[in-house]
1. Can you list residue pairs whose Cβ atoms sit under 9 Å apart, with the first residue in the stretch 59-84 being in the same structural domain as V96 (by TED's automatic domain parsing) and on the phi < 0 side of the Ramachandran plot and the second being of a type in the set (S, T, N, Q) and surrounded by 13 or more Cβ atoms within 10 Å (Cβ to Cβ)? Count only pairs 6 or more apart in sequence or on different chains.
2. Helices (runs of 4 or more DSSP H) wholly in the stretch 1-94 with at least 3 residues that are at pLDDT 90 or above and among the hydrophobic types (A, V, I, L, M, F, W, C) - which ones?
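The values are calculated or read from the model by the stated rules, or taken from the named source; none is laboratory data. Predicted model only: the values in this text are computed from it and were never measured. We place every Cβ from the backbone using ideal geometry, glycine too, and count neighbours over all the protein chains shown.
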Amino acid sequence: MKLLITAVIVLGLALGVWQVYRFWEKEKESRQAAAAPAAETVPNDAPLPGLPPRLQPALEAARQRGAAGLRDFLAANGSNVADPRRASIELDYVLVVAPGDPAEARRVFAQVKARLAPDSPVYARMKQLEKTYE
């Protein structure tokens, strides 16, 4: 009888550990999925004018590196990129850097907002982000 009770207890503990493990894995996946949309919010701004074709590969490489890559790209090539494409790239940077450095995101957003005119193709996107970053 003791052997049966011990087996039931061990089986119950093993089942409990398995349930905790499954719960933990689901939580980890949901946290990763919540962090992933930031990368997906970057729109395809290829039709926007202002980026010399020679800088397109550098921009793609910078986007792959995330916030640091976009910051470095803008520091090195920002003067060679004209609006509205520059504003779009800066708004991409705002979206990527915001979770880690909200003050930097607000600073860059304010620069873009001051520079954009209402007839800009990026103006509607800036207006969507305005409430978040002001």
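1. Listed by first residue and then by second, the contacts come to L59/N77; A62/N77; D83/S120; P84/S120.
2. Once the helices (runs of 4 or more DSSP H) in the stretch 1-94 are filtered for at least 3 residues that are at pLDDT 90 or above and among the hydrophobic types (A, V, I, L, M, F, W, C), what remains is 2-35, 56-65, 67-77.
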